[in-house]
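Student: Just passing along the structure, written as structure tokens.
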Amino acid sequence: MRPDVKTPFRVFREDKPLRNAVCLFLITTLFYAIGAMLRLVEELSLFWPLNAVMAGIFARVAWLNRLHNYAICYIAMLLYDGLTTDWGATSFVINFSNMVFILTFALLVQRDKHAPEKAEALAIALRLFNYCLLASVLCAFFGTFASYGIDSQAFWPLFADWFSEQFSTGVMILPCILAVSWPGLRRPFKVQHLLPLVTLTICIAASVVIGGAGSLAFPLPALIWCAVRYSLLTTAVLTLITGATEIVLVANSVINISVAEHLHTSQMFSARLGIATMTICPIMVSVSVNAINALIQQVSLRADFDFLTQVYSRSGLYELLRQQEKDTHAPRTMSVMLLDIDYFKTINDNYGHECGDRILTALAQKVQQLVGKAGSVARMGGEEFAVIATLANEQQALALAETIRQSIEEHRFRWRQQTLSLTVSIGLSHAVTEFWQQTETFNRLLNEADAFLYLSKKAGRNRVSAPGDVHCLAV
């Protein structure tokens, strides 16, 4: 009987079109209602989350970009207006302006995802500002014409109100939605990680106490600190909360940016744009930090592992030892083997360097397979490899070295239509080391293993040499 396999829950599934339609309708209605509750003057809202939320959903889920799915959102908007307002035919154009924002942003992001050179999250994040700008201008253009007749404001102040609201909401909400699928670094939580959040709270409080236009920028340093300390998604959520909080506080004169008792449209336009510009900065910083950390990881990976054979490099092996010194707190046994391929130069001379590279790679993987969890393999240079293992005693280390030597001798390496045989010479050294001096002990054992490797070669190669003549094994 096949065991039940639990699949992760997803709101939208490509094989469930009816469920997708219901979810789109309900989400549209929910966020339309939230925006309607925050209306400042008739059709204009203080904070309109619907367009950004739906644009983010369509941008993330590529297969949702179908005409009938957009139509479902549009119908949901019209139905809500039909039940709650008396705008009549004007509602068709106002809600069409909402669809313009959603379509413009989603299609621009999808265009980037279809272009391989532009598909990185960093590229999308850096274009987010421009995408929101274009979508907001188009949305404001249609929305202003639609509401011009039912609002007492002149055309350009009304356009400014539409544009600033769409733009500020977009740059605050969209990063939160898109960041869910962007890679981030998992960092262990520590109490000191709360300091940027505490600082951000204090900065917002200072904006309320001090007031003035400049107070809107008070949270910016704290947000940038959050961007460096936290993940991209956390940073995006904090910028959304900060921006939305400031907009609400400004609109209700809790943060006083002018001497006027009521906030005028031009002042709200300036406040929204200033807050939007402020909140996009931490997103840029967070994405850049993630990109830099990813690059550092790649550089570190290339430095720690040999590019050709995929085992540790010399520097990577020393980094492993330094890490073990930090992680272990007890004495341990250490066996060091130094392997050298016998007559490797003749392989390069007779079959070419490409064959030599294949031999090195195959041998390294073979040795790593034989060592297993008992130790690690590193390429020290050329055809020379080191094995560092944790074994109970010297006899076990000697047995492993002989197993490696014999297995390499019996293994047949394939190169094109030919079969090649190899042998290796091995020098072995073994000791007990304290956890805090593993690197020092390794250096000493490596020098000893190198001396015994020389004895193996001098004695005729294809053998293991270790301290004491009684331990010298030969074919």
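The values are calculated or read from the model by the stated rules, or taken from the named source; none is laboratory data. Source: prediction; values computed, not measured. Here the Cβ positions follow ideal geometry from the backbone for every residue, glycine too, while neighbour counts run over all protein chains shown. Side chains included, ligands, DNA and RNA excluded: accessible areas come from the protein's heavy atoms. Shrake-Rupley method; radii C 1.70, N 1.55, O 1.52, S 1.80 Å.
Student: Condition first: part of a helix (DSSP H, G or I) and at pLDDT below 80. Can you find one or more residues in region 315-324 that meet it?
Tutor: No, every residue in region 315-324 fails to be part of a helix (DSSP H, G or I) and at pLDDT below 80.
Student: Output the residue which, of all residues in region 276-311 that are open to solvent by less than 50 Å² (accessible area, probe 1.4 Å) and modelled with pLDDT of 80 or more, is nearest to A362 (Cα to Cα).
Tutor: T309
Student: Yes or no: F442 open to solvent by less than 10 Å² (accessible area, probe 1.4 Å), among the aromatic types (F, W, Y) and touching a residue at least 12 places away in the same chain (Cβ under 8 Å)?
Tutor: yes
Student: A follow-up question, please. For region 383-423: of the residues being part of a strand (DSSP E or B) and aliphatic (A, V, I, L, M), which is nearest to F344 (Cα to Cα)?
Tutor: Step one: filter region 383-423 for residues part of a strand (DSSP E or B), giving 384-389, 412-415, 418-421.
Next, only the ones that are aliphatic (A, V, I, L, M) stay: 386-389, 420.
On the way: A386: 16, V387: 19, I388: 23, A389: 25, L420: 12 Å.
Here the residue is L420.
Student: Being open to solvent by 10 Å² or more (accessible area, probe 1.4 Å) and either touching a residue at least 40 places away in the same chain (Cβ under 8 Å) or closer than 19 Å to R463 by Cα (or both) narrows it down to one residue among T433, T403; which is it?
Tutor: Answer to the check: T403.
Student: Here is a follow-up. Looking at (1) in contact (Cβ under 8 Å) with a residue 12 or more places away in the chain; (2) open to solvent by 70 Å² or more (accessible area, probe 1.4 Å); (3) not in a helix (DSSP H, G or I), can you tell me which one M380 breaks?
Tutor: (2)
Student: Check whether at least one residue in region 22-34 is at pLDDT below 80, among the aliphatic types (A, V, I, L, M), under 30 Å from the mean Cα position of the chain (by Cα) and surrounded by 19 or more Cβ atoms within 10 Å (Cβ to Cβ), and report yes or no.
Tutor: Among the residues of region 22-34, not one is at pLDDT below 80, among the aliphatic types (A, V, I, L, M), under 30 Å from the mean Cα position of the chain (by Cα) and surrounded by 19 or more Cβ atoms within 10 Å (Cβ to Cβ), which makes the answer no.
Student: Then there is this: Can you pull out every residue in region 384-400 that is hydrophobic (A, V, I, L, M, F, W, C) and open to solvent by less than 60 Å² (accessible area, probe 1.4 Å)?
Tutor: Residues satisfying the conditions are F385, A386, V387, I388, A389, L391, A397, L398, A399, L400.
Student: Residue by residue through region 457-468, note down the ones that are touching a residue at least 60 places away in the same chain (Cβ under 8 Å) and either small (G, A, S) or open to solvent by less than 30 Å² (accessible area, probe 1.4 Å) (or both).
Tutor: N462, V464, A466
Student: Yes or no: region 336-355 includes at least one residue that is in a helix (DSSP H, G or I) and closer than 21 Å to S315 by Cα.
Tutor: Let us first name the residues in region 336-355 that are in a helix (DSSP H, G or I), namely 344-351, 353-355.
From what is left, the residues that are closer than 21 Å to S315 by Cα are none.
Checked against the condition, which is being in a helix (DSSP H, G or I) and closer than 21 Å to S315 by Cα, region 336-355 yields no hits at all.
Student: Which of the residues belonging to region 66-90 are among the hydrophobic types (A, V, I, L, M, F, W, C), loosely packed, with under 12 Cβ neighbours inside 10 Å and in a loop (DSSP other than H, G, I, E, B)?
Tutor: Once the filter is applied, which keeps residues that are among the hydrophobic types (A, V, I, L, M, F, W, C), loosely packed, with under 12 Cβ neighbours inside 10 Å and in a loop (DSSP other than H, G, I, E, B), region 66-90 yields only A89.
Student: Give me the residue from region 141-183 that is small (G, A, S) and surrounded by fewer than 20 Cβ atoms within 10 Å (Cβ to Cβ) and, out of that set, modelled with the highest pLDDT.
Tutor: A154
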